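Worksheet: one structure, shown below.
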Amino acid sequence: MDFFSIFITIISTLLIILLFSFCSLALVIFSGKSLNNPQYPPVMGTVFDQLFYFHKLYDYQTDIARKYRTFRLLAPSQSELYTTDPRNIEHILKTNFDKYSKGEYNQAIVRDLFGYGIFAVDGDMWRQQRKVSSFEFSTRVLRDFSCNCFRRNAAKLAGIISEFAVTGSIFDIQELLSRCSLDSIFKVGFGVDLNCLEGSNKEGTMFIKALDDSNESVYWRYADLFWMVKRYLNIGSEAILKKNIKVMDNFVYDLIKSKRELLSVQSDYVKEDILSRFLVASEENPSNKNDKYLRDIILNFILAGKDSTANTLSWFFYMLCKHPLIQEKIVQEITDVIEGKNNDTKIEGFAMNLVDTMLDKMPYLHATLTETLRLYPAVPVDGKCADMDDILPDGYRLKKGDGVYYIAYTMGRMTYIWGEDAEVFRPERWLNNGVFQPESSFKFVAFHAGPRICLGKDFAYRQMKIIAMVLLTFFRFKLADEDIRVTYRTMFTLQIKGGLHIKAVPRVVGNRN
Ligand code: HEM
């Protein structure tokens with residue numbers, strides 16, 4: 001056989017294999033999915049379509065949801081349902097809680113990052129972590145200790161921004177907020193001073209980058225057909241992910257080691273932080289005593305505490321730059337609330353004098369933060385897996401093993417939920433005669449709902465309010481480029497792609513005109 005014939009034989013064999021694989025995959029994807037049965041939600045494509053829209057995934061989902069409130073994408077072995085209907089959300093997250101779990105499909109995807117931490121487990125493991133954590137979050141000590149820490153970190157952040165303000169420099173506020181909230185979660189969660197905000201902690205900075213990149217790489221698995229093969233061969237995005245996870249693991253294992261040493265040396269050490277509580281709980285249950293289990297708990301809390309708050313505040317400042325009148329209204333509310341009670345004109349003193357009662361009297365700020373979360377929810381898509389066949393309240397059926405996701409980002413843009421001005425940023429929609437009106441957690445689902453509702457909601461609002469009050473008292477914020485329209489980085493949490501580059505103009509405190 002000549003060279004040309006060998007070449008043709010190889011190419012045609014490859015083509016036949018490729019065609020065969022493609023047909024088998026198509027057969028697996030499209031068979032057994034009740035495609036034309038109107039009892040099941042309409043099919044809008046396969047999960048691999050998400051590859052093409054990955055950079056604007058949530059807007060792609062929103063476009064479909066404008067036509068179909070509940071729809072399906074097909075995956076090889078199951079259907080993935082997406083819904084915006086609050087009735088369905090109540091059904092899966094609360095009324096039929098026991099019929100839905102995180103599911104093996106999701107767990108396989110997130111295992112390398114989340115391990116067996118609270119976000120990735122079900123059943124007894126979840127109940128045990130929820131119990132220890134909810135006890136921690138309900139204590140008065142945590143409330144006082146965390147507020148103190150938020151005030152200090154807000155003052156440090158304002159100090160850094162004042163240097164930029166003096167020189168008129170542009171800075172990335174998302175980056176600073178990210179460091180600030182990481183410092184807070186380390187102090188409150190693990191009793192450790194990370195000092196990432198000052199930039200003096202190089203490992204901390206590397207840790208943040210590794211965390212963000214891993215968050216994105218793991219999310220990419222939802223659209224990547226070959227992620228398991230790549231993981232096995234340790235190539236491409238999976239090789240990068242593995243490296244990033246190693247950076248994070250080293251960092252977290254060092255933390256556990258130093259914490260254990262501290263607890264054994266100092267018998268009078270105050271065990272009030274979340275990690276100490278889990279360390280004590282693990283002493284009582286030897287199966288949870290290993291460092292891997294503690295690593296998972298820590299990493300889940302870091303993911304919960306850092307991204308959610310920092311990203312929400314970044315979108316909040318973006319909205320305030322786009323709506324200067326809203327920015328000034330918040331400043332007026334701060335002025336009214338602190339009048340006669342906090343006259344300190346220095347950043348540190350002002351921050352330390354912000355007491356709980358002042359935070360509670362800020363309905364407009366509360367509404368603006370909530371409006372930010374309505375349009376830019378920190379967790380844009382979240383979901384569960386059906387553990388048995390079921391029928392949703394909107395009448396659509398799903399089969400055992402199907403995924404069912406609620407799209408918080410899309411829900412915020414649905415006129416049937418929020419009215420004709422759903423896409424308009426309008427904090428006033430949350431107020432009635434100046435009093436904040438909460439919405440059903442199945443309609444405003446940014447904090448999840450039902451038995452697994454976010455444990456850190458109040459914690460997050462307190463931190464966001466303190467930071468917002470300190471920064472807005474001392475600075476007026478403007479976008480570095482007034483015409484810019486920022487977008488998101490597609491990952492588990494809604495981060496601004498490329499950061500938020502802004503300028504701060506000092507305000508004259510005591511005379512805020
Ligand atoms: C704006 C801020 C925040 C938002 C929007 C938010 C949102 C959410 C969402 C959507 C979930 C459900 C995730 C899932 O499906 O597993 C969740 C769960 C959780 N959040 Fe938050 N979160 C915020 C801040 C925080 C903070 C600061 C902490 C802790 C320091 C925290 C701790 C938790 C925990 C422990 C869970 C797991 C609950 C469970 O599975 O039982 N969150 N949060």
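Output yes when any residue across the range 362-383 is buried (at least 18 other Cβ atoms within 10 Å of the Cβ), touching a Pro at 6+ places or on another chain (Cβ under 6 Å) and hydrophobic (A, V, I, L, M, F, W, C), and no when none is.
Taking every residue of the range 362-383 in turn, at least one turns out to be buried (at least 18 other Cβ atoms within 10 Å of the Cβ), touching a Pro at 6+ places or on another chain (Cβ under 6 Å) and hydrophobic (A, V, I, L, M, F, W, C).
Could you tell me whether the range 441-451 includes any residue that is surrounded by fewer than 20 Cβ atoms within 10 Å (Cβ to Cβ), modelled with pLDDT under 95 and not polar (S, T, N, Q)?
no
Could you tell me whether any residue of the range 455-471 is among the polar types (S, T, N, Q) and at pLDDT below 95?
Among the residues of the range 455-471, not one is among the polar types (S, T, N, Q) and at pLDDT below 95, which makes the answer no.
Restricting the range 185-216 to residues that are in contact with a Leu (Cβ under 9 Å, 6 or more places away or on another chain) and among the polar types (S, T, N, Q), which is modelled with the lowest pLDDT?
Among residues in the range 185-216 that are in contact with a Leu (Cβ under 9 Å, 6 or more places away or on another chain) and among the polar types (S, T, N, Q), the one modelled with the lowest pLDDT is Asn201.
May I ask you to list the residues in the range 476-493 that are surrounded by 20 or more Cβ atoms within 10 Å (Cβ to Cβ) and at pLDDT 95 or above?
The answer is Phe477, Tyr488.
Answer yes or no: is there a residue in the range 442-458 that is in contact with a strand residue (DSSP E or B) (Cβ under 7 Å, 6 or more places away or on another chain) and closer than 27 Å to Ile274 by Cβ. Spell out how you get there, then give the answer.
We begin by selecting, within the range 442-458, every residue in contact with a strand residue (DSSP E or B) (Cβ under 7 Å, 6 or more places away or on another chain); these are 445, 448.
Imposing the further condition that a residue be closer than 27 Å to Ile274 by Cβ reduces the set to 445, 448.
Yes.
So, of the residues in the range 447-489 that are more than 14 Å from the ligand (Cβ to nearest atom) and within 15 Å of the chain's Cα centre (by Cα), which turns out to be nearest to Asp344 (Cα to Cα)?
Going through the qualifying residues, I end up with Tyr488.
What residue, among those in the range 384-409 that are more than 12 Å from Asn88 (Cβ to Cβ) and touching a Pro at 6+ places or on another chain (Cβ under 8 Å), is farthest from the ligand (Cβ to nearest atom)?
Residue satisfying both the conditions and the ranking: Tyr409.
For the range 363-383, name all the residues that are within 12 Å of the ligand (Cβ to nearest atom) and not aliphatic (A, V, I, L, M).
Thr370, Thr372, Arg374, Tyr376, Pro377, Pro380, Asp382, Gly383
Just to be sure I understand the filter: pairs with C-beta atoms under 6 Å, separated by 6 or more residues or on different chains, first member in the range 373-399 and under 17 Å from Gln78 (Cβ atoms), second member more than 16 Å from the ligand (Cβ to nearest atom) and among the aromatic types (Phe, Trp, Tyr). Which pairs pass?
Arg397/Tyr40
Conditions first: (1) at pLDDT 90 or above; (2) more than 22 Å from the chain's Cα centre (by Cα). Ser77 passes all but one, so which condition is the exception?
Looking at each condition in turn, Ser77 falls short on (1).
Show the residue pairs meeting these rules: Cβ distance below 8 Å; 6+ apart or different chains; first residue within the range 294-323 and outside any helix (DSSP H, G or I); second residue modelled with pLDDT of 95 or more.
Pairs found: His323/Phe425.
Within the range 432-446, how many residues are touching a residue at least 40 places away in the same chain (Cβ under 8 Å) and within 13 Å of the ligand (Cβ to nearest atom)?
Total satisfying the criteria: 4.
What are the residue pairs meeting all of these: first residue in the range 491-509, first residue under 14 Å from Pro324 (Cβ atoms), second residue assigned to a strand (DSSP E or B) and acidic (Asp, Glu), Cβ atoms under 9 Å, and 6 or more apart or on different chains?
Final answer for the pair search is Ile502/Asp172.
If a residue must be in contact with a strand residue (DSSP E or B) (Cβ under 9 Å, 6 or more places away or on another chain) and within 16 Å of the ligand (Cβ to nearest atom), how many such residues does the range 182-221 contain?
So the answer is 1.
Identify, by number, the condition in (1) more than 22 Å from the chain's Cα centre (by Cα); (2) small (Gly, Ala, Ser); (3) assigned to a helix (DSSP H, G or I) that Gly340 doesn't meet.
(3)
So which helices (runs of 4 or more DSSP H) are wholly in the range 12-110 and hold at least 2 residues that are surrounded by fewer than 19 Cβ atoms within 10 Å (Cβ to Cβ)?
Fully inside the range 12-110 and qualifying: 49-52, 57-67.
Do we have any residue at all in the range 205-214 that's surrounded by fewer than 18 Cβ atoms within 10 Å (Cβ to Cβ) and over 20 Å from the mean Cα position of the chain (by Cα)?
Among the residues of the range 205-214, not one is surrounded by fewer than 18 Cβ atoms within 10 Å (Cβ to Cβ) and over 20 Å from the mean Cα position of the chain (by Cα), which makes the answer no.
Give just the number: which of (1) small (Gly, Ala, Ser); (2) in a loop (DSSP other than H, G, I, E, B); (3) at pLDDT below 95 does Ala378 not satisfy?
(3)
Out of the residues in the range 391-441 that are touching an Asp or Glu at 6+ places or on another chain (Cβ under 9 Å) and assigned to a strand (DSSP E or B), which is nearest to Lys329 (Cα to Cα)?
Ile407
Report yes if some residue within the range 291-303 is closer than 16 Å to Leu177 by Cβ and either surrounded by fewer than 23 Cβ atoms within 10 Å (Cβ to Cβ) or touching a helix residue (DSSP H, G or I) at 6+ places or on another chain (Cβ under 9 Å) (or both); otherwise report no. Before the answer, list the steps.
Filtering the range 291-303 down to residues closer than 16 Å to Leu177 by Cβ leaves 302-303.
In the following step, the residues that additionally are either surrounded by fewer than 23 Cβ atoms within 10 Å (Cβ to Cβ) or touching a helix residue (DSSP H, G or I) at 6+ places or on another chain (Cβ under 9 Å) (or both) were identified as 302-303.
Yes; the residues of the range 291-303 include at least one that is closer than 16 Å to Leu177 by Cβ and either surrounded by fewer than 23 Cβ atoms within 10 Å (Cβ to Cβ) or touching a helix residue (DSSP H, G or I) at 6+ places or on another chain (Cβ under 9 Å) (or both).
The values are calculated or read from the model by the stated rules, or taken from the named source; none is laboratory data. Since this is a predicted model, take the numbers as computed values, not measurements. We place every Cβ from the backbone using ideal geometry, glycine too, and count neighbours over all the protein chains shown.
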